[in-house]
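See below for the structure under consideration.
The values are calculated or read from the model by the stated rules, or taken from the named source; none is laboratory data. Since the structure is predicted, the reported quantities are computational estimates derived from the model, not experimental observations. Virtual Cβ from ideal backbone geometry, glycine too; neighbours counted across all protein chains shown. Accessible surface is based on the protein model in full, side chains and every heavy atom, while ligands, DNA and RNA are left aside. Shrake-Rupley method; radii C 1.70, N 1.55, O 1.52, S 1.80 Å.
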Amino acid sequence: MKNFFKTDVLIAGSGCAGLYLAINLPRNKKITVITKAKAEECDSFLAQGGICMLKDEGDFDSFFEDTLKAGHYENDRKSVELMIKGSRDVLSDLLNCGVEFNKDQNGNFAFTKEGAHSKSRILFHKDITGKEITSKLLSKARSLSNIEILESTTLLDIWEENNRCLGGVVKTSKGELLLIGANQTVLATGGIGGLYKHSTNYSHLTGDALAIALKHNIPVRDISYVQIHPTTLYSEDKDRSFLISESVRGEGARLYGKNKKPFTNELLPRDLLTKEITEQMKKEGSNFVWEDLSCIPKKELENHFPNIIEHCYQKGYDVFKECIPVVPAQHYFMGGVKIDYDGQTSLNKLYAVGETACNGVHGKNRLASNSLLESLVFAKRAALKIAEDTEELDIAGLSLPCLKKYEDTKALENHYKQIVLEKIKENENV
Ligand SMILES: Cc1cc2nc3c(=O)[nH]c(=O)nc-3n(C[C@H](O)[C@H](O)[C@H](O)COP(=O)(O)OP(=O)(O)OC[C@H]3O[C@@H](n4cnc5c(N)ncnc54)[C@H](O)[C@@H]3O)c2cc1C
């Protein structure tokens with residue numbers, strides 16, 4: 001059949017969630033990972049601060065409480081418990097993939113702290129932790145012969161029949177429409193930053209999986225819970241907003257108003273600090289507040305944040321000598337396609353993982369550096385669940401969807417953006 005092929009597991013998205021799920025599936029399964037842009041062009045590569053870890057058993061209660069407090073106690077408690085308890089297993093997998101984290105003088109892991117954490121429990125690799133983790137996951141996926149990664153290939157819709165997902169309709173890098181049949185399909189399409197004028201996210205992350213879920217009446221959850229990051233480098237350019245990681249404040253950076261005087265507690269949870277900064281800007285009639293990185297000991301600043309130093313330098317700021325202008329921007333989506341603890345959506349054989357999925361782990365507001373961890377813990381759980389399901393898709397007797405109606409992809413993409421934005425707006429007032 002033309003424009004059709006069959007795989008075992010179809011995964012839309014090559015971020016840390018999609019890749020980690022892929023490499024945790026049995027090697028005898030044929031896995032097809034599709035990704036809208038280049039494999040490296042995903043938010044997972046941008047993560048700066050780090051990944052939370054259960055450092056020792058004694059930290060469980062305070063890690064749990066910090067996550068809940070940041071989430072305004074709206075978190076699903078079982079999800080939080082699974083995430084924290086799953087962190088050691090994830091760490092061991094990452095180390096096996098060759099991921100390296102910063103160490104202290106004694107050769108032990110160095111842990112850093114970010115806003116709303118009562119203790120240092122974040123593992124990091126300089127200020128490019130996401131790149132370190134995701135590039136190693138990508139190398140691993142590329143080394144496995146059962147995994148194929150199709151770049152510049154966009155999921156346009158899922159193929160649903162009789163309350164079962166049978167795969168997806170995609171547009172290939174050559175602009176062709178293709179139907180991919182799959183025993184299981186996974187939505188791992190990341191966040192929604194591309195829907196906003198100012199965001200730290202890649203602009204092609206437009207919540208496609210959410211729109212597809214809404215179209216198929218698959219429940220979504222916490223859809224109006226959008227996190228604004230308090231500190232991104234202020235710029236007149238229209239580029240992606242550059243994040244000034246929270247761990248910079250965790251290590252001592254200060255925030256100042258117009259008069260270069262402190263006006264807030266820098267370690268408030270993200271939503272509260274964003275509110276404080278926005279109010280300060282309003283009061284002063286300014287477009288930004290100042291962040292002073294020179295409060296951080298020089299050696300620490302150099303060793304821990306080389307990427308931020310370099311980026312600021314490129315934009316004309318010497319962080320050792322002067323403050324940088326910072327402003328809040330859209331950063332993270334706590335809501336998503338509703339899933340259970342194993343990544344299953346309400347539609348049979350359809351899974352969702354990573355930022356595009358929601359099992360309530362973050363509540364109303366994500367605690368810093370819980371996102372990479374959550375993506376990985378629940379991606380692995382989904383992989384184990386999928387591995388248990390050996391039913392083969394049989395397309396005999398099924399009516400294949402008509403691909404013609406997907407030809408105007410621009411109109412479809414715009415329609416999808418509108419559906420998601422409307423849904424977010426609608427729920428903001430609930
Ligand atoms: C600047 C920045 C800094 C961050 N820092 C941290 C941090 O320090 N610690 C932390 O825990 N979290 C951090 N985060 C959040 C974290 O990086 C993300 O939440 C996490 O990486 C999401 O992973 P993911 O796999 O779900 O999505 P992503 O990594 O964003 O991947 C999404 C994938 O889906 C693909 N895609 C999208 N739509 C389609 C479609 N229709 N068809 C096919 N493919 C599609 C994309 O091309 C991409 O490959 C940060 C985020 C940003 C933006």
- Item | Unmet criterion (only one of (1) among the charged types (D, E, K, R); (2) open to solvent by 20 Å² or more (accessible area, probe 1.4 Å); (3) within 30 Å of LEU91 (Cβ to Cβ)) for GLU322 | (3)
- Query: Do we have any residue at all in segment 246-269 that's more than 16 Å from the ligand (Cβ to nearest atom), open to solvent by less than 30 Å² (accessible area, probe 1.4 Å), of a type in the set (D, E, K, R) and part of a loop (DSSP other than H, G, I, E, B)?
  - Reply: yes
- From the option list LEU95, LEU91, LEU54, LEU10, single residue qualifying as among the hydrophobic types (A, V, I, L, M, F, W, C), within 15 Å of the ligand (Cβ to nearest atom), within 15 Å of LYS136 (Cα to Cα) and assigned by TED's automatic domain parsing to the domain that holds LEU384 is LEU91
- Message: Please verify whether LYS405 is part of a helix (DSSP H, G or I), surrounded by fewer than 24 Cβ atoms within 10 Å (Cβ to Cβ) and more than 16 Å from the ligand (Cβ to nearest atom), treating the condition exactly as stated.
- Response: yes
- Query: Within segment 328-365, which residues are of a type in the set (S, T, N, Q) and within 14 Å of the ligand (Cβ to nearest atom)?
  - Reply: GLN330, THR356, ASN359, ASN365
- Item | Exclusive hit being assigned by TED's automatic domain parsing to the domain that holds GLY18, within 15 Å of SER79 (Cα to Cα) and open to solvent by 10 Å² or more (accessible area, probe 1.4 Å), set LYS338, LYS410 | LYS338
- Query: Does segment 115-151 hold any residues that are touching a strand residue (DSSP E or B) at 6+ places or on another chain (Cβ under 7 Å) and on the phi > 0 side of the Ramachandran plot, and which are they?
  - Reply: none
